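*Asks:* Quick one: the structure is below, questions incoming.
The values are calculated or read from the model by the stated rules, or taken from the named source; none is laboratory data. Source: prediction; values computed, not measured. So basically every Cβ, Gly included, is an ideal-geometry build from the backbone, and we count neighbours across all protein chains shown.
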Amino acid sequence: MKMLLVAVFAAACVAALPSVSPELPRRGGSSGRTPERASAPAPAAHYGGPGPKARWHALARAMARLIVIVSATLVLISALLVLFERRFIYYPTREPVFSWQPPGLRVEECLFRTQDGLQLYGWWHPGRGDDDPPRRPVLLWCHGNAGNISHRAENLSLLADHGIAVMIFDYRGYGKNEGTPSEDGLYLDAEAAYRYLADERGVEPARIVCFGRSLGAAVALHLALNERCAGLILESPFANMRAMARHRLPFPPAWLFMRSKFDNLDLIRRVTVPVLVVHGDRDELVPFEQGKAVFAAAPEPKQFYVIRGAGHNDTYVVGGEDYFQRLRAFCKSCLTGAGFPGASADK
């Protein structure tokens, strides 16, 4: 993709270079003389090239041609980005890893409809433990941009083992779901999942903690701004989609034409619930500095949990037991209102 855009831009610049004018007079030969003055010597100025006015007109024509071609090239780049933007952002998988009923994990299937009429599929797990299930925190999980919910089965099982109820759902165009993913579409999907929890499962907003990983962090953040919840967990969040495009597609004009925003850095400033930001310091996809910037912009109360040695997709593996204890403690503090140390950040 990057090589194609560079090639188009380079070709346009080369084509815009001014060519040698065929109108310049040539020394000697009958084609440059009129019949009635064939024997008269040509003035010296005639053989010295075009005058200042002619040169100015030639330069103006070349510049006009360059502007037209560069403008057309930028339009073409914009069209290509519109065409390929979804492929840059979304990587859905239709088939499950093993099956839609993962071995060793007893999940309940959820079916619900979005405001624009799409049917979505998800899983519900009430969590495990000796405590009273109706008092457990409920994690409403907005996953990342690749795969489907079956790729999160192991992670979900470990969360359930630590006494956390979980609802995870697929976005439109992912797994069993119809439709095509888009920013507004993902926001509608999360809102539909929230309504399912509240209306069908009877889960009180005071028990719901919105949890988003990677792209899902932006979806969970948007949900927390528009629905009542107890807290918000952002794992491996990026600043916004333009910042990611600059990082992943460094060809200068590319990020200028991104239509999708997913602007965590701006929206996080308006959050009114406790926030936990989680990021691996060796994240190979979303720069660690972007996660730090999102945390810095978040209002109090907030926590920043750095997972040493973790990349983008192995946070819960590298973090191990400490990862699950941190998430459980945060969720419990949101439910009880006990709070946690404000502005704390692992160094």
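*Asks:* Of the residues 327, 335, which single one is in contact with a strand residue (DSSP E or B) (Cβ under 7 Å, 6 or more places away or on another chain), aliphatic (A, V, I, L, M) and assigned to a helix (DSSP H, G or I)?
*Replies:* 327 is the lone residue from the list that is in contact with a strand residue (DSSP E or B) (Cβ under 7 Å, 6 or more places away or on another chain), aliphatic (A, V, I, L, M) and assigned to a helix (DSSP H, G or I).
*Asks:* Given the criteria among the aliphatic types (A, V, I, L, M), outside the structural domain of residue 75 (by TED's automatic domain parsing) and touching a Leu at 6+ places or on another chain (Cβ under 8 Å), does residue 239 qualify?
*Replies:* yes
*Asks:* Quick check on residue 295: is it of a type in the set (Phe, Trp, Tyr), buried (at least 18 other Cβ atoms within 10 Å of the Cβ), on the phi > 0 side of the Ramachandran plot and modelled with pLDDT of 95 or more?
*Replies:* No; evaluated as a whole, the condition is false for this residue.
*Asks:* Test residue 217 against the criterion of being buried (at least 24 other Cβ atoms within 10 Å of the Cβ) and touching a residue at least 12 places away in the same chain (Cβ under 8 Å), and give yes or no.
*Replies:* In short, yes.
*Asks:* Can you go through 107, 70, 97 and tell me which one is touching a Phe, Trp or Tyr at 6+ places or on another chain (Cβ under 9 Å), surrounded by fewer than 16 Cβ atoms within 10 Å (Cβ to Cβ) and in contact (Cβ under 8 Å) with a residue 40 or more places away in the chain?
*Replies:* Answer to the check: 70.
*Asks:* Turning to a different aspect of this structure: Which residue, of 300, 289, is surrounded by fewer than 23 Cβ atoms within 10 Å (Cβ to Cβ) and either free of Cβ contacts under 8 Å to residues at least 24 places away in the same chain or assigned by TED's automatic domain parsing to the domain that holds residue 73 (or both)?
*Replies:* Only one candidate qualifies: 289.
*Asks:* Would you check if residue 117 is assigned by TED's automatic domain parsing to the domain that holds residue 174 and modelled with pLDDT of 95 or more?
*Replies:* Considered against the rule, which asks whether it is assigned by TED's automatic domain parsing to the domain that holds residue 174 and modelled with pLDDT of 95 or more, residue 117 comes out as yes.
*Asks:* Listed residues 38, 60; which is at pLDDT 70 or above and not assigned by TED's automatic domain parsing to the domain that holds residue 214?
*Replies:* 60
*Asks:* Specify the residue that is surrounded by the most Cβ atoms within 10 Å (Cβ to Cβ); the eligible residues are those in region 264-286 that are of a type in the set (Asp, Glu) and over 17 Å from residue 143 (Cβ atoms).
*Replies:* Looking at residues that are of a type in the set (Asp, Glu) and over 17 Å from residue 143 (Cβ atoms), I get 281.
*Asks:* Right, something else. Restricting attention to region 146-161, which residues are among the polar types (S, T, N, Q) and either within 16 Å of residue 186 (Cβ to Cβ) or surrounded by fewer than 17 Cβ atoms within 10 Å (Cβ to Cβ) (or both)?
*Replies:* Matches in region 146-161: 148 only.
*Asks:* Return yes or no: is residue 203 closer than 25 Å to residue 266 by Cα, assigned by TED's automatic domain parsing to the domain that holds residue 283 and touching a residue at least 60 places away in the same chain (Cβ under 8 Å)?
*Replies:* When the stated conditions are applied, residue 203 does not pass them.
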